[in-house]
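Engineer: Before anything else, here's the structure in question.
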Amino acid sequence: MLLSIVVLLVLLAGAFFWYVSDYYRAEDIAVNVLAQDDGITVQDNLTILSPSSPTDTAMIFYPGAKVEAIAYLPLLDQIRQTGVTCILVDMPFHMAIFDVNAAQDVIAQFPEFEHWYIAGHSMGGAMASLFAADHPDEVDGLILLGAYLYGDYPTADTLTIYGSLNQSVEDKLDYTENVVEIAGGNHAQFGNYGAQKGDPPATISAAEQQAQTVSAI
């Protein structure tokens, strides 16, 4: 009996590690952003993008499930140019569900910032939403990309952005406040990691989808 349990656990562990090892890799355009030595630093599991003239505001970003975190650097690089420090969290096994409260440690590490926003894409957005709902006094607002509110957080303090071809998100939206639909956008193009299974091809470029996202933010 004991041997059977051990064998089952080994098989389950093997299946899990096989599953999480198959993830979407960042495209070259994202890797090239990381190669810059101007205002981008890596500290443990965090990639910090600092603007040339920092403000007292920072944004924490949770990546989508099974997506290499640095795939979001082209988007975050544009946001930091508006004066907002962006802190990208590299999640365990590339899945934010394994560290929902990562933002709490980030906030504690950077006391110089007075205003915090938390953002995320897809599952990362859902987990960011959960964190905001559980810690409303620690964040000034929530930004969801290709995701919808998950938890009890006010829509007045939430910005939801999704591509018009991302029907699964549109079907789940039961609120209209602060919602931005990007015509021709899809689910994957908030990051730069290529086509995603089940995601319709966008009719606009990733650069255009991200530019509209930055403008909305």
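The values are calculated or read from the model by the stated rules, or taken from the named source; none is laboratory data. Bear in mind the structure is a predicted one, so any value in this text is a computation, not a measurement. Cβ atoms come from the backbone with ideal geometry, glycine included; neighbour counts cover every protein chain shown. Just the protein is used for accessible areas: all its heavy atoms, side chains included, with ligands, DNA and RNA removed. Shrake-Rupley method; radii C 1.70, N 1.55, O 1.52, S 1.80 Å.
Engineer: Quick one: in the stretch 1-31, of everything that is in contact with a Phe, Trp or Tyr (Cβ under 8 Å, 6 or more places away or on another chain) and modelled with pLDDT of 95 or more, which residue is surrounded by the fewest Cβ atoms within 10 Å (Cβ to Cβ)?
Structural biologist: Among those residues, the one meeting the criterion is Arg25.
Engineer: Evaluate the following for Ala207: is it part of a helix (DSSP H, G or I) and either charged (D, E, K, R) or under 18 Å from the mean Cα position of the chain (by Cα) (or both)?
Structural biologist: Criteria met by Ala207.
Per-residue answers, yes or no, for (1) assigned to a loop (DSSP other than H, G, I, E, B); (2) touching a residue at least 40 places away in the same chain (Cβ under 8 Å); (3) among the hydrophobic types (A, V, I, L, M, F, W, C):
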{"residue": "Ala65", "(1), (2), (3)": "yes, yes, yes"}
{"residue": "Tyr72", "(1), (2), (3)": "no, yes, no"}
{"residue": "Leu75", "(1), (2), (3)": "no, yes, yes"}
{"residue": "Ile79", "(1), (2), (3)": "no, yes, yes"}
{"residue": "Gly83", "(1), (2), (3)": "yes, no, no"}
{"residue": "Ile87", "(1), (2), (3)": "no, yes, yes"}
{"residue": "Phe93", "(1), (2), (3)": "no, yes, yes"}
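Engineer: Taking the condition of being in contact (Cβ under 8 Å) with a residue 60 or more places away in the chain and either in contact with a His (Cβ under 6 Å, 6 or more places away or on another chain) or not aliphatic (A, V, I, L, M) (or both), how many residues in the stretch 190-217 meet it?
Structural biologist: Within the stretch 190-217, residues that are in contact (Cβ under 8 Å) with a residue 60 or more places away in the chain and either in contact with a His (Cβ under 6 Å, 6 or more places away or on another chain) or not aliphatic (A, V, I, L, M) (or both) number 8.
Engineer: Applying the selection to the stretch 45-63, what residues are surrounded by fewer than 22 Cβ atoms within 10 Å (Cβ to Cβ) and assigned to a loop (DSSP other than H, G, I, E, B)?
Structural biologist: Selection gives Asn45, Ser50, Pro51, Ser52, Ser53, Pro54, Thr55, Asp56.
Engineer: Given the condition touching a helix residue (DSSP H, G or I) at 6+ places or on another chain (Cβ under 9 Å), open to solvent by less than 40 Å² (accessible area, probe 1.4 Å) and not aromatic (Phe, Trp, Tyr), answer yes or no: does some residue in the stretch 170-180 qualify?
Structural biologist: Checking the stretch 170-180: not a single residue is touching a helix residue (DSSP H, G or I) at 6+ places or on another chain (Cβ under 9 Å), open to solvent by less than 40 Å² (accessible area, probe 1.4 Å) and not aromatic (Phe, Trp, Tyr).
Engineer: Does Tyr193 meet the test of being of a type outside the set (Asp, Glu), part of a loop (DSSP other than H, G, I, E, B), closer than 17 Å to Tyr24 by Cβ and touching a Lys or Arg at 6+ places or on another chain (Cβ under 8 Å)?
Structural biologist: Yes.
Engineer: OK, next. Consider Leu34 against the criteria (1) in contact (Cβ under 8 Å) with a residue 24 or more places away in the chain; (2) open to solvent by 50 Å² or more (accessible area, probe 1.4 Å); (3) over 22 Å from Asp105 (Cβ atoms): it satisfies all of them except one. Which criterion is unmet?
Structural biologist: (3)
Engineer: Would you point out which residue out of Val89, Val100, Val67 is at pLDDT 95 or above, more than 22 Å from Asn166 (Cβ to Cβ) and open to solvent by less than 20 Å² (accessible area, probe 1.4 Å)?
Structural biologist: Going through Val89, Val100, Val67 in turn, just one is at pLDDT 95 or above, more than 22 Å from Asn166 (Cβ to Cβ) and open to solvent by less than 20 Å² (accessible area, probe 1.4 Å): Val89.
Engineer: Identify, by number, the condition in (1) touching a Leu at 6+ places or on another chain (Cβ under 9 Å); (2) free of Cβ contacts under 8 Å to residues at least 12 places away in the same chain that Pro111 doesn't meet.
Structural biologist: (1)
Engineer: Answer with yes or no whether Ala108 is within 27 Å of Leu173 (Cα to Cα) and at pLDDT 95 or above.
Structural biologist: no
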